[in-house]
Amino acid sequence: MTASSAGAARLRDLALLRRVRDRIDREYAQPLDVEALARGVNMSAGHLSREFKRAFGESPYSYLMTRRIERAMALLRRGDLSVTEVCFAVGSSSLGTFSTRFTELVGVPPSAYRAQAANATAGMPPCVAKQVTRPIRNREAWPPGRK
């Protein structure tokens, strides 16, 4: 394989990976799994997972869960839905798994987040509120040198 054909193959793979990421962004509330995402771009699940992580820094599953938690945060800030309703609205099928993942990413359980965040972004434009409240994985928030 020549350098130019390898570069072309890499660009083709990146375009497919962007399609997968866009699909996750659009269909986060649908039941998605890595196998289905891989079939959609004619890749094996293992290859998709490796290349997605290489390109975007996290696995397709982690990216999907982050999108779901971001949307859940917005719904919880609205305050008109229960935690259970939010869980199912964002595509989670297990309240326990949703609560655990939410707590890992946000740092507080969904019920506590709902109670404290209801007025935290009042008057803030939605685009700013989304940026300010974006979940950060605990490992990303740790001080340098700690893992």
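The values are calculated or read from the model by the stated rules, or taken from the named source; none is laboratory data. Just so you know, these numbers come straight off a predicted model, no measurement behind them. Here the Cβ positions follow ideal geometry from the backbone for every residue, glycine too, while neighbour counts run over all protein chains shown.
Data overview
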read-out	value
Val90 vs. criteria under 30 Å from Val128 (Cα atoms) and in contact (Cβ under 8 Å) with a residue 40 or more places away in the chain	yes
Residue within the range 51-59 that is at pLDDT 90 or above and more than 30 Å from Asp13 (Cα to Cα) present	no
Residue in the range 40-48 that is under 25 Å from Cys127 (Cβ atoms) and either part of a loop (DSSP other than H, G, I, E, B) or of a type in the set (D, E, K, R) (or both) present	no
So Leu75, is it of a type in the set (A, V, I, L, M, F, W, C), in the same structural domain as Val128 (by TED's automatic domain parsing) and surrounded by 15 or more Cβ atoms within 10 Å (Cβ to Cβ)	yes
Selection from the range 92-102 of residues that are surrounded by 14 or more Cβ atoms within 10 Å (Cβ to Cβ) and assigned to a loop (DSSP other than H, G, I, E, B)	Ser92
Filter result (surrounded by 15 or more Cβ atoms within 10 Å (Cβ to Cβ) and among the small types (Gly, Ala, Ser)) within the range 22-68	Ala38, Ala45, Ser49, Ala55, Ser59, Ser62
Enumeration of residues in the range 77-91 that are touching a helix residue (DSSP H, G or I) at 6+ places or on another chain (Cβ under 7 Å), assigned to a helix (DSSP H, G or I) and not small (Gly, Ala, Ser)	Arg77, Val83, Thr84, Val86, Cys87
